[in-house]
Amino acid sequence: MSEKNHYEGMALATRAVHVGGESDPATGAIEPAIYMANSFALPYDPSTMNWSASEENIYTRNGGVNQGKLEHKLCDMHGAEDCVVLASGVAALSALFFSQLKKGDHVIFSTVTYIATYRIFHELWNDKWGIETDIVDCTDIEKIKAAIKPNTKLIHFETPGNPTLCICDIEAIVKLAHEHNILVSVDNTFSSPYNTRPFEFGVDFVVESLTKYINGHGDSMGGAVLGSREDMDKVRYQAQVNIGGVISPFNAWLIQRGSQTFPLRMQVHNDNALAVAQWLERQPCVSFVAYPGLPSFKGHELAKKQMKHGFGGVLSFGLNGEHDLYNRVVTHLKVFTSAVSLGNAESLIVFLGEDDERMYLYPEEFHGGFYRVAIGIEDKNDLINDLRQAFRAEGLETVD
């Protein structure tokens, strides 16, 4: 993060290519090398060194060269003061919560979150460390207000939320939280810094799963926590160095490479997902479509306010039919792949059935089961045609 940013004021497409990717001073290579060393040469007298420090290269668990370059780029993308990159998005979430929370604290978290966040707050943190948690519909500011306690330390939510795509009012939540000296963290993975920069709304922390849109190629894992330098130093010391969820140099390099095309890819994800959602909404066989870009979607107006360039690449939808119809339709798909994750170049689809343990937290239309679809960067007409032929193969009515 100490590297000078020569590209300040330039467009994101330019900064994504150049920030953190400066020529190697040792060799002149115009692309960053992969520094696979796990240890670095020590000075003449290392006896006074802090072996848990991250300010200089000592040991890759304390921080590596490729990690540092990626952190520099992510700070620029988000407009953040500092960043810590870790081994996965869940490692980033855990690092943030581990560094900020202690026994007796209370956390408010959204009814719609990634499964690992649900596990952390609904099971693990309570049982292991005595942290109180409440699941709250964070799209309703009055419900958040009613859940605040004297010991509330953190409000954590996603927007859009996984998998219902619900939209939370970042600015309103921040205002309420800060009036009560409560911290706010946002998982921005579904939106990405291309569409939303939560620090512009005053949040304290942002988490990104770099595995998804920032990398974009489905071939590496990583996660980032962003915030103030003081807080990120705490994350480095407590969670990275002493818990050890460090990213490998190779994964950091892969994500750095993928991030160069991130703004270009993200616009295609946005455009494709909107086109697919609009087509699905017209189909008689589709029971509902959840996508923030649709005017019919409950959070559409708020999404327009918070999401600068588009509404992301993820949507959910249901079919008018029984359980196994969902599975049969998937077998006919030729372009979509049945797999979890999102942000890949290829489009992915996953069927979430009626017995999902968190279904009671979702809107009623989801209760009969649904697809979560991560739209890729293929031709949008090919994606629509693939869905059309899969529906028709099962005798479902479609319209143009």
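Taking the condition surrounded by fewer than 22 Cβ atoms within 10 Å (Cβ to Cβ), over 12 Å from Lys153 (Cβ atoms) and in the same structural domain as Val65 (by TED's automatic domain parsing), does Ser88 pass? Can you show your working first?
Details: surrounded by fewer than 22 Cβ atoms within 10 Å (Cβ to Cβ): yes; over 12 Å from Lys153 (Cβ atoms): yes; in the same structural domain as Val65 (by TED's automatic domain parsing): yes.
Here the answer is yes, as Ser88 does meet what is asked.
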Among the residues of the range 355-379, how many are without any contact (Cβ under 8 Å) to a residue 60 or more places away in the chain and more than 17 Å from Val330 (Cα to Cα)?
8
Identify the residue in the range 164-179 that is of a type in the set (A, V, I, L, M) and more than 21 Å from Leu352 (Cβ to Cβ) and, among all such residues, is surrounded by the most Cβ atoms within 10 Å (Cβ to Cβ).
Ile173
Please determine whether any residue of the range 236-244 is at pLDDT below 95 and part of a loop (DSSP other than H, G, I, E, B).
yes
Going residue by residue through the range 53-74, is there one that turns out to be within 21 Å of Gly20 (Cβ to Cβ), among the acidic types (Asp, Glu) and not in a loop (DSSP other than H, G, I, E, B)?
yes
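Could you pull out the residue among Asp324, Asp386, Asp382 that is without any contact (Cβ under 8 Å) to a residue 12 or more places away in the chain, over 29 Å from Asp140 (Cβ atoms) and part of a helix (DSSP H, G or I)? Walk me through how you get there before you give the answer.
Numbers: Asp386 fails: without any contact (Cβ under 8 Å) to a residue 12 or more places away in the chain; Asp382 fails: without any contact (Cβ under 8 Å) to a residue 12 or more places away in the chain.
Criteria check complete, one pass: Asp324.
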Which residues, counting only those in the range 220-235, are in a loop (DSSP other than H, G, I, E, B) and aliphatic (A, V, I, L, M)?
Met221
Matching residues in the range 2-23 - criterion: being assigned by TED's automatic domain parsing to the domain that holds Asn66, surrounded by 13 or more Cβ atoms within 10 Å (Cβ to Cβ) and modelled with pLDDT under 85
Gly21, Glu22
Pairs where the first residue, in the range 275-301, is in a strand (DSSP E or B) and the second is of a type in the set (D, E, K, R), C-beta under 7 Å, 6+ apart
Ser287/Glu365; Phe288/Glu365; Val289/Glu281
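In the range 267-307, what count of residues is obtained for those that are of a type in the set (Ser, Thr, Tyr) and surrounded by fewer than 21 Cβ atoms within 10 Å (Cβ to Cβ)? Please lay out each step first, then the result.
Restricting attention to the range 267-307, the residues satisfying the condition of being of a type in the set (Ser, Thr, Tyr) are 287, 291, 296.
Then keep just the ones that are surrounded by fewer than 21 Cβ atoms within 10 Å (Cβ to Cβ); that gives 287, 296.
Adding up the residues that qualify gives 2.
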Looking at (1) in contact with a helix residue (DSSP H, G or I) (Cβ under 8 Å, 6 or more places away or on another chain); (2) of a type in the set (Ser, Thr, Tyr); (3) part of a loop (DSSP other than H, G, I, E, B), find the lone condition where Ser341 falls short.
(1)
Could you check how many residues of the range 186-229 are hydrophobic (A, V, I, L, M, F, W, C) and free of Cβ contacts under 8 Å to residues at least 40 places away in the same chain?
2
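Looking at the range 106-210, what strands (runs of 3 or more DSSP E) fall wholly within it and have at least 1 residues that are of a type outside the set (Lys, Arg), in contact with a Lys or Arg (Cβ under 6 Å, 6 or more places away or on another chain) and assigned by TED's automatic domain parsing to the domain that holds Gly89? Before the answer, list the steps.
Values: elements: 106-110, 132-136, 152-158, 183-187, 205-209.
Here the list reads 106-110, 132-136.
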Any idea which of Ala80, Ala95 is assigned to a loop (DSSP other than H, G, I, E, B), surrounded by 22 or more Cβ atoms within 10 Å (Cβ to Cβ) and touching a residue at least 40 places away in the same chain (Cβ under 8 Å)?
Ala80
Looking at the range 127-141, which of the residues that are touching a strand residue (DSSP E or B) at 6+ places or on another chain (Cβ under 8 Å) and of a type in the set (A, V, I, L, M, F, W, C) is nearest to His106 (Cα to Cα)?
Ile131
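Residues checked against (1) over 28 Å from the mean Cα position of the chain (by Cα); (2) among the hydroxyl-bearing types (Ser, Thr, Tyr); (3) assigned to a helix (DSSP H, G or I):
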position: Gly9; (1), (2), (3): no, no, no
position: Arg15; (1), (2), (3): no, no, yes
position: Glu22; (1), (2), (3): no, no, no
position: Ala26; (1), (2), (3): yes, no, no
position: Ile30; (1), (2), (3): yes, no, no
position: Tyr35; (1), (2), (3): no, yes, no
position: Pro43; (1), (2), (3): yes, no, no
position: Asn50; (1), (2), (3): yes, no, no
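Taking the stated definitions as given, is Val90 closer than 29 Å to Pro32 by Cα and in a strand (DSSP E or B)?
Against the criterion (closer than 29 Å to Pro32 by Cα and in a strand (DSSP E or B)), Val90 does not qualify.
Kindly evaluate Leu315 against the criterion of being in a helix (DSSP H, G or I), of a type in the set (A, V, I, L, M, F, W, C), in contact (Cβ under 8 Å) with a residue 60 or more places away in the chain and surrounded by 21 or more Cβ atoms within 10 Å (Cβ to Cβ). Lay out the reasoning, then the answer.
Values: in a helix (DSSP H, G or I): no; of a type in the set (A, V, I, L, M, F, W, C): yes; in contact (Cβ under 8 Å) with a residue 60 or more places away in the chain: yes; surrounded by 21 or more Cβ atoms within 10 Å (Cβ to Cβ): yes.
For Leu315, the condition - in a helix (DSSP H, G or I), of a type in the set (A, V, I, L, M, F, W, C), in contact (Cβ under 8 Å) with a residue 60 or more places away in the chain and surrounded by 21 or more Cβ atoms within 10 Å (Cβ to Cβ) - is not met.
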Got a sec? Which of Val335, Val329 is in contact with a strand residue (DSSP E or B) (Cβ under 8 Å, 6 or more places away or on another chain), in the same structural domain as Val373 (by TED's automatic domain parsing) and of a type in the set (A, V, I, L, M, F, W, C)?
Val329
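The values are calculated or read from the model by the stated rules, or taken from the named source; none is laboratory data. A quick note: this is a predicted structure, and the numbers were derived from the prediction, not measured. Note that each Cβ is placed from the backbone with ideal geometry, even for glycine, and that neighbours are counted across all protein chains shown.
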